[in-house]
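Okay, so here's the structure we're looking at.
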8 protein chains.
Amino acid sequence: MNFVSILMGSKSDYNTVKKAEDVLKKFGVNYELIISSAHRTPQRTKEYVLDAEKRGAKVFICAAGMAAHLAGAVSAMSVKPVIGLPLKGGAVDGLDALLATVQMPKGMPVATVALDGAINAAYLAMQLLALNDKELATKLEEDRVMQIKKVEEDSSEIEVRL
Amino acid sequence: MNFVSILMGSKSDYNTVKKAEDVLKKFGVNYELIISSAHRTPQRTKEYVLDAEKRGAKVFICAAGMAAHLAGAVSAMSVKPVIGLPLKGGAVDGLDALLATVQMPKGMPVATVALDGAINAAYLAMQLLALNDKELATKLEEDRVMQIKKVEEDSSEIEVRL
Amino acid sequence: MNFVSILMGSKSDYNTVKKAEDVLKKFGVNYELIISSAHRTPQRTKEYVLDAEKRGAKVFICAAGMAAHLAGAVSAMSVKPVIGLPLKGGAVDGLDALLATVQMPKGMPVATVALDGAINAAYLAMQLLALNDKELATKLEEDRVMQIKKVEEDSSEIEVRL
Amino acid sequence: MNFVSILMGSKSDYNTVKKAEDVLKKFGVNYELIISSAHRTPQRTKEYVLDAEKRGAKVFICAAGMAAHLAGAVSAMSVKPVIGLPLKGGAVDGLDALLATVQMPKGMPVATVALDGAINAAYLAMQLLALNDKELATKLEEDRVMQIKKVEEDSSEIEVRL
Amino acid sequence: MNFVSILMGSKSDYNTVKKAEDVLKKFGVNYELIISSAHRTPQRTKEYVLDAEKRGAKVFICAAGMAAHLAGAVSAMSVKPVIGLPLKGGAVDGLDALLATVQMPKGMPVATVALDGAINAAYLAMQLLALNDKELATKLEEDRVMQIKKVEEDSSEIEVRL
Amino acid sequence: MNFVSILMGSKSDYNTVKKAEDVLKKFGVNYELIISSAHRTPQRTKEYVLDAEKRGAKVFICAAGMAAHLAGAVSAMSVKPVIGLPLKGGAVDGLDALLATVQMPKGMPVATVALDGAINAAYLAMQLLALNDKELATKLEEDRVMQIKKVEEDSSEIEVRL
Amino acid sequence: MNFVSILMGSKSDYNTVKKAEDVLKKFGVNYELIISSAHRTPQRTKEYVLDAEKRGAKVFICAAGMAAHLAGAVSAMSVKPVIGLPLKGGAVDGLDALLATVQMPKGMPVATVALDGAINAAYLAMQLLALNDKELATKLEEDRVMQIKKVEEDSSEIEVRL
Amino acid sequence: MNFVSILMGSKSDYNTVKKAEDVLKKFGVNYELIISSAHRTPQRTKEYVLDAEKRGAKVFICAAGMAAHLAGAVSAMSVKPVIGLPLKGGAVDGLDALLATVQMPKGMPVATVALDGAINAAYLAMQLLALNDKELATKLEEDRVMQIKKVEEDSSEIEVRL
């Protein structure tokens, strides 16, 4: 069974990460979610990642703040795509987590999304799964139509036309 | 035929983008490469993206500098994964391109790699293709072994051991 | 009929954008205001811009946050002047929106105002219209006199003179 | 006679500003160009601006680096549109000039373009003149077609298609 | 009569500027305080500065936020020392005001203090006056002794000694 | 008797510094804690540091915000290791204190920890003491096991496994 | 005899500091110039500052890069005005030195000039001396006239007038 | 045998790291030096660190650029002190490496030195060893005397005294 695997560095990250979970649930995509830290539990992280990969994890979402190493650490353990979700809360309004996630060395990419961009982390994960899942691809395209309708409805409440 | 589609915003980006091309060639991965700008040729970009998607493009790599909109524009055209490659050369040592690429709104993710990180853009694209291509997955795993050997060889030239 | 056309990327931008609307109302300047996103509704944006231009839009104000592409996207659709209004809320205290708005490539300018500078977006739009509208030009000059009076009144409440 | 008025803060700015001059020449747009500093020659600046406005200046381009006050100072002297062209060379890779140009207070807008964005300063100035000059508007539209051709030609030299 | 002249760009700056006023009062130093803007009331600013200088102003404190030009503008009007007090509230947590105040061109210095550093603006002004006022110099030296006592008292409330 | 010596620049720093104190107490490590400023009480700082060193201080923790000079000043007084703890509250979301602490000149190192990273300042101090204290080293290793358990417990409350 | 005292943190700073020296020479202002570091030679710095103050130093110019503490250290030693001259060469294009110089705590001001702004450091020092030296004040006013002439001459070489 | 263990992420870091090596050699301190990457060779890094610790490594110096994870990764493997040496070359003039090194989570400190601060990394390492090595402590104190002499000599070449 294919699934998305979500890791976060500490429990306090869950408030933001939950938004990714909600998106995956809404689209009926299988996922796992655990707390595991690149620094405090590297062994746990490694064991989980290798096991999850065997059991069908196709993509990892790794959420962390400050010197956010979790995504990079998982990227070093697997050739599956790793999505980095940098979280605010450290220095320079989140720039620490963003740079620590995105500025990876050659050969070890992390697919980084916006600061606190949990929703987009989930969307990106689904886009990867959809490469091989037509039903999910169709849902993503339908979702875009819904997004358009949402913009039109929002606009109708305030728009001014001559 | 599955392939990686590379777009860059202007000809001057090619010096950096070429490194992505070289990686894909080395791994024997099919790719296309064109210049098309989000701002100067939006119609050309749209036509190319939709056509490429029909012909088998599974992932887009979009390279741009300054107010780097190309990746975001392509993300808006397709539910295929889009890799954003921000390029230096504008303001604040490249921070403009990085932020303009990664800080995407909800529902429209861009998988952003490091500033001038053309090599990682190629690796990330291959990781996505490898989700459904065991041969490529194996090559990526073998490459990691080669990377380890490279580190060991580099180290042997300078290392000091007691 | 000449008018100012205001676009914003999402409904949450309206709190700030409303200040531009209020200024235009106060000066009796015709305007339109809609929500349309560069990423979620590019087609809607394009259709609106081309139509508005035909109907008399002389200048566009485009408000967006984060990887703020709306102004750049509209600039690519029209040779009418486009005013970019970057909004806070993303990373680095708004620097993402500012850089994504102002750092446009050659040939596609965006006239960028301050972060959350909705009032100045309206003033700049009126200055453009006033190039061909003497009555409005006079109003703008009178407004400057009022601004001077306001400073003098404010000062009189706290000033200390020897 | 309508014209664009270009001011720069010091002679060393001319290397960059010249690119704006070249664009205006190419499009056959009337312009003036002088050196005048907000700090070293405020009186000269004021006299020039008021005189130029009387003689037909429709828009001012003000180029300055570091604590770039020239555009703001001119904005305070006239209700004509003022384009701010921030120049690199000070601190934080030009961020000083960008912020000092764009972050204007309420009622005194500066239409800011990219760091060292002299070409776009000229384009933006022409867009303003073109609001009331159909011939120039047509030239700007034709220029966009040329830009598209340029992208296509550039691409043809390096593009790879399957 | 020698005095310190304080200018601020808008009424909203007074909350911070008041701290400078309080320090000057506490030390019995003559001062004036007005609101005058570099952009909205340049003429008022100029008239006030020239008049104040004639009446005995020995140093100007200029408080402003965002594209903080007030200190630079006053520096251009007088060879008396000008203290720049940058205020938070704009972009990048105040970096806009700091850079716009401190990055002055050659020949036109602004003596810049910390962001929102109203108290130090007052201290610096007094240090300048004290160059020619032994009584004030003595007060400043006594104040340093008081500062030492304050640190010692504060420490005694929490310190832990083995 | 070996001990950790904690200095902070002002009383307002104590809210953050207290977290370092709590960690040292929990591990039963001797410490001293005083307020002393690099700028307001340089003599007090010097006398304390030299005295503390004689009495057994093995490492100094120096907490300060803004232009945080305390750690650097103590580093200049002693060849004992100095841990710099930069505090938020100044400009650019704490970047001022971080850079003023870490960017020390050759020969005068400061071991800098994260912004507001009082807990890690204490841990780092204990790691230094543990170089020569096996009991403390064992406690630090046991603490790591506890940290792992804490992550596992936190995870068990929210984790989702397929 | 009144004089300006210039300190710099290391010999490599002299290339920039020399420009301040040249200005003072040109205006015939007495000065001293030494190398002394806040970190490497705090005792030397203190002895020099106290001695110089007794011998007639009216203002100190302190040049330093990176975690630039020299100006702050001297400010703590004397109630004479201290001009901070931050130098590039460390991190973030000089932002480290700027913030470490300007962000001083309450009661200990540093009059900060632009990054590498040696010329303005000299001008500011002369403005302070000129408070009590009419001849120097006159020279400074004459210099402003020369600056105006220089701008006019520079302009005449490139200006375009209709 | 006690020694300092130096790790660097890639061979290109050696130009900077060599300066640390030179300092340790000059002081006659035992050291090891290898290349090992947190991302490319995590297993090699772990094996080396655990082995080195057994053989007498008392402190680790970890040099890396960009998303510099090496110091953090080693900190997670050992309770020995870890010195982080961030290197320039990535984004925002090295801010990426600095933040990725210093902003570590609770319980896992990294003692961070200046960007490219290899010399200080060596000094800090020696300060730690000197806690238990009187001879080395004496050398460090003598070195400070030499530094003072160096400043005095440098000064004598350029100083100006009245």
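The values are calculated or read from the model by the stated rules, or taken from the named source; none is laboratory data. In this text, all values refer to a predicted model and were calculated from it rather than measured experimentally. Glycine also receives a Cβ, built like all others from the backbone with ideal geometry; neighbour counts cover every protein chain displayed. Ligands, DNA and RNA are excluded from the accessible area calculation, which covers all protein heavy atoms including side chains. Shrake-Rupley method; radii C 1.70, N 1.55, O 1.52, S 1.80 Å.
Scanning segment C:53-67 finds one or more residues that are among the aromatic types (F, W, Y) and within 14 Å of the chain's Cα centre (by Cα). Answer with yes or no whether C:L136 is assigned to a strand (DSSP E or B) and more than 8 Å from every other protein chain (Cβ to nearest Cβ). Against the criterion (assigned to a strand (DSSP E or B) and more than 8 Å from every other protein chain (Cβ to nearest Cβ)), C:L136 does not qualify. Restricting attention to segment F:41-78, the residues being at the interface with chain E (Cβ under 10 Å from one of its Cβ atoms), open to solvent by 40 Å² or more (accessible area, probe 1.4 Å) and in contact (Cβ under 8 Å) with a residue 12 or more places away in the chain number 3. Residue count for segment A:20-74, restricted to those that are under 24 Å from A:K134 (Cα atoms) and of a type outside the set (S, T, N, Q): 22. Counting only helices (runs of 4 or more DSSP H) that sit wholly inside segment C:1-115, those with at least 3 residues that are of a type in the set (G, A, S) and either closer than 29 Å to E:D96 by Cβ or at pLDDT below 95 (or both) are C:70-75. D:S36 meets the stated requirement of being under 20 Å from D:V110 (Cβ atoms), in contact with a helix residue (DSSP H, G or I) (Cβ under 6 Å, 6 or more places away or on another chain) and not hydrophobic (A, V, I, L, M, F, W, C).
Would you say C:V82 is open to solvent by less than 40 Å² (accessible area, probe 1.4 Å), under 16 Å from the mean Cα position of the chain (by Cα) and within 14 Å of chain D (Cβ to nearest Cβ)?
So C:V82 passes the test.
Just one residue in the set D:G107, D:G89 is out of contact with any His (no Cβ under 6 Å at 6 or more places or on another chain), facing chain C (nearest Cβ under 7 Å) and surrounded by fewer than 24 Cβ atoms within 10 Å (Cβ to Cβ); that residue is D:G107. Could you tell me whether D:V145 is within 14 Å of chain B (Cβ to nearest Cβ), part of a helix (DSSP H, G or I), without any contact (Cβ under 8 Å) to a residue 12 or more places away in the chain and touching a helix residue (DSSP H, G or I) at 6+ places or on another chain (Cβ under 9 Å)? Here the answer is no, as D:V145 does not meet what is asked.
Annotation: B:I119 fulfils all but one of (1) among the β-branched types (V, I, T); (2) touching a helix residue (DSSP H, G or I) at 6+ places or on another chain (Cβ under 6 Å); (3) crowded, with 22+ Cβ neighbours inside 10 Å; the unmet one is (3).
Among the candidates D:A121, D:A114, D:A137, D:A91, the residue that is within 22 Å of G:S155 (Cβ to Cβ) and among the hydrophobic types (A, V, I, L, M, F, W, C) is uniquely D:A121. Has segment E:131-149 got at least one residue that is hydrophobic (A, V, I, L, M, F, W, C) and closer than 30 Å to G:Q147 by Cα? The answer is yes, given that some residue of segment E:131-149 is hydrophobic (A, V, I, L, M, F, W, C) and closer than 30 Å to G:Q147 by Cα. Only residues that are over 30 Å from G:P81 (Cα atoms) and of a type in the set (K, R) were counted across segment G:120-162, and they come to 3. Restricting attention to segment G:123-162, the residues that are surrounded by 20 or more Cβ atoms within 10 Å (Cβ to Cβ), of a type in the set (S, T, N, Q) and within 27 Å of the chain's Cα centre (by Cα) add up to 1.
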